[in-house]
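J.: Would you mind keeping the following structure in view while I ask a few things?
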Amino acid sequence: MEKTIKTIIVDDEPLARKGLAIRLGAFEQVDIVAQCTNGREAIEAIINISPDLVFLDIQMPQTNGFEVLKQLNERGIEMPMIVFVTAFDQYAIKAFEVHALDYLLKPVDHERLELALNKVSSRLNRHKDSEHKGKLVKLVSHVTGQDCEQILQDLAQNSEVNITQYSDVLAIKDVGETKLVPTEDILCIDAAGDYMVVHTHTETHILRKTMKELEEILDPKKFIRIHRSTIINKGFIDKFGNHVNGEYYVVLTNLKELKVSRSYKDKVKHAVLG
């Protein structure tokens, strides 16, 4: 079995460290990455290694186990799972007050250690599942533009989450090479016969695609059609208005004015004013 639980043993007694390490050797999922002889070493190891689990002796000179947790908390360090190990049971209540996962009395026996590790594995699996789910939700939110909380609610209710991937770049062939133009740099695109003219702040590119194909590629949350032959990037709209003759228009941030057809004016107005 692959070792998955990065573990640190902290105890000022050499025989206690060795004994616990030998017992932990019977559990293939445990990977002992460090052994510390005092609280100061423990704090440094936890900061540098970021273990999953720490077996932490409570009674140690200068910096005891509780003080180790206090200092980690004061430094804003993410806390690993803690299993306190001590020869004295009077610390049990205090151990759980500081959110220790478990509490073992010396000498630690195999069955009790196995129970503690089962708790650790269960907590670790729940954390990984939660972390994985969180990453997936953020990915779906980024792709779809939906709110993370709404996605979680939809998942809880077994509702379908609609995922549509839009391109971050346009691949434009030009003289034997293909140029990747980031969609976020595109100001507008207008039709010229069988071609599309793609405008950025600094360049103009010719692309052989239809308006319909572009609308399927470009994210509608970022791009809007303002005319049968024009698509613009919403992020570069500076003004929206109409002339005395009743024609509507938008002005982009580069001061370029573009005509808005009447059939698209309401859509454009909503995009600008919300």
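J.: State whether the residues of the range 125-143 include one that is modelled with pLDDT of 70 or more and basic (Lys, Arg). Walk me through it before giving the result.
T.: Initially, the range 125-143 is screened for residues modelled with pLDDT of 70 or more, giving 125-127.
Now restrict to residues that are basic (Lys, Arg): 126.
Yes, because at least one residue in the range 125-143 is modelled with pLDDT of 70 or more and basic (Lys, Arg).
J.: Collect the residues in the range 33-70 that are assigned to a loop (DSSP other than H, G, I, E, B) and closer than 14 Å to Ile82 by Cα, keeping them in residue-number order. Lay out the reasoning, then the answer.
T.: First, pick out the residues of the range 33-70 that are assigned to a loop (DSSP other than H, G, I, E, B): 37-38, 50-52, 58-64.
Matches in the range 33-70: Ser50, Pro51, Asp52, Ile58, Asn64.
J.: Related question: Would you pick out the residues in the range 5-32 that are crowded, with 17+ Cβ neighbours inside 10 Å and within 31 Å of the chain's Cα centre (by Cα)?
T.: Those that are crowded, with 17+ Cβ neighbours inside 10 Å and within 31 Å of the chain's Cα centre (by Cα): Ile5, Lys6, Thr7, Ile8, Ile9, Val30, Ile32.
J.: Restricting the search to the range 192-219, which residues are closer than 13 Å to Ala171 by Cβ and assigned to a helix (DSSP H, G or I)?
T.: Result: Glu213, Leu214, Ile217.
J.: Of all residues in the range 43-76, which are touching a Leu at 6+ places or on another chain (Cβ under 7 Å) and either more than 20 Å from Leu124 (Cα to Cα) or of a type in the set (A, V, I, L, M) (or both)? Break it down stepwise before answering.
T.: Applying the first criterion (touching a Leu at 6+ places or on another chain (Cβ under 7 Å)) to the range 43-76 yields 43, 46, 52, 55, 65, 68.
The answer is Ile43, Ile46, Gly65, Val68.
J.: So how many residues does the range 89-117 have that are at pLDDT below 75 and either in a helix (DSSP H, G or I) or among the small types (Gly, Ala, Ser) (or both)?
T.: Pass one, the range 89-117, residues at pLDDT below 75: 89-99.
If we keep only those that are either in a helix (DSSP H, G or I) or among the small types (Gly, Ala, Ser) (or both) as well, we get 89-97.
The qualifying residues number 9.
J.: If you take the residues in the range 33-44 that are among the small types (Gly, Ala, Ser) and farther than 18 Å from Leu101 by Cβ, which one is surrounded by the most Cβ atoms within 10 Å (Cβ to Cβ)? Steps first, answer last, please.
T.: Here is the first cut: in the range 33-44, the residues among the small types (Gly, Ala, Ser) are 34, 39, 42.
With the extra rule that they be farther than 18 Å from Leu101 by Cβ, the set shrinks to 34, 39.
Values: Ala34: 18, Gly39: 23.
Among residues in the range 33-44 that are among the small types (Gly, Ala, Ser) and farther than 18 Å from Leu101 by Cβ, the one surrounded by the most Cβ atoms within 10 Å (Cβ to Cβ) is Gly39.
J.: Can you pull out the residues in the range 19-32 that are under 16 Å from Leu104 (Cβ atoms) and charged (D, E, K, R)?
T.: Within the range 19-32, Arg23 is the sole residue that qualifies.
One line per residue, one yes/no per condition, for (1) in contact with a His (Cβ under 8 Å, 6 or more places away or on another chain); (2) at pLDDT below 95; (3) within 16 Å of Val10 (Cβ to Cβ):
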{"residue": "Gly25", "(1), (2), (3)": "no, yes, no"}
{"residue": "Gln29", "(1), (2), (3)": "no, yes, no"}
{"residue": "Glu44", "(1), (2), (3)": "no, no, yes"}
{"residue": "Val85", "(1), (2), (3)": "no, yes, yes"}
{"residue": "Lys119", "(1), (2), (3)": "no, yes, no"}
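J.: Let me ask you something else. Determine whether Lys265 is exposed (fewer than 13 other Cβ atoms within 10 Å of the Cβ) and assigned by TED's automatic domain parsing to the domain that holds Glu177. Before you say what the answer is, go through the steps one by one.
T.: On the way: exposed (fewer than 13 other Cβ atoms within 10 Å of the Cβ): no; assigned by TED's automatic domain parsing to the domain that holds Glu177: yes.
Answer is no for this residue.
J.: Kindly list, by first and then second residue, each pair from a residue in the range 37-61 that is assigned by TED's automatic domain parsing to the domain that holds Arg75 to a residue that is outside any helix (DSSP H, G or I) and among the acidic types (Asp, Glu), limited to pairs with Cβ atoms under 7 Å and residues at least 6 apart or on different chains.
T.: The qualifying pairs are Thr37/Asp12; Asn38/Asp12; Asp57/Asp11; Asp57/Asp12; Met60/Asp12; Pro61/Asp12.
J.: For residues in the range 168-183 being surrounded by 13 or more Cβ atoms within 10 Å (Cβ to Cβ) and of a type outside the set (Lys, Arg), which is modelled with the highest pLDDT? First the steps, then the outcome.
T.: Of all residues in the range 168-183, those surrounded by 13 or more Cβ atoms within 10 Å (Cβ to Cβ) come to 169-170, 172, 179, 181, 183.
Add one more test, that the residue is of a type outside the set (Lys, Arg), and what stays is 169-170, 172, 181, 183.
Details: Val169: 80, Leu170: 82, Ile172: 84, Val181: 87, Thr183: 90.
Residue satisfying both the conditions and the ranking: Thr183.
J.: Follow-up. Could you tell me which of the residues Ala16, Ala26 is outside any helix (DSSP H, G or I), in contact (Cβ under 8 Å) with a residue 60 or more places away in the chain and assigned by TED's automatic domain parsing to the domain that holds Glu111? If you could, list the steps in order and put the result at the bottom.
T.: Working: Ala16 fails: outside any helix (DSSP H, G or I).
Checking each option against the conditions leaves just Ala26.
The values are calculated or read from the model by the stated rules, or taken from the named source; none is laboratory data. Every value quoted in this text rests on a predicted model; they were computed, and no experiment measured them. Please note: Cβ atoms are built from the backbone with ideal geometry, for glycine as well, and neighbour counts cover all protein chains shown.
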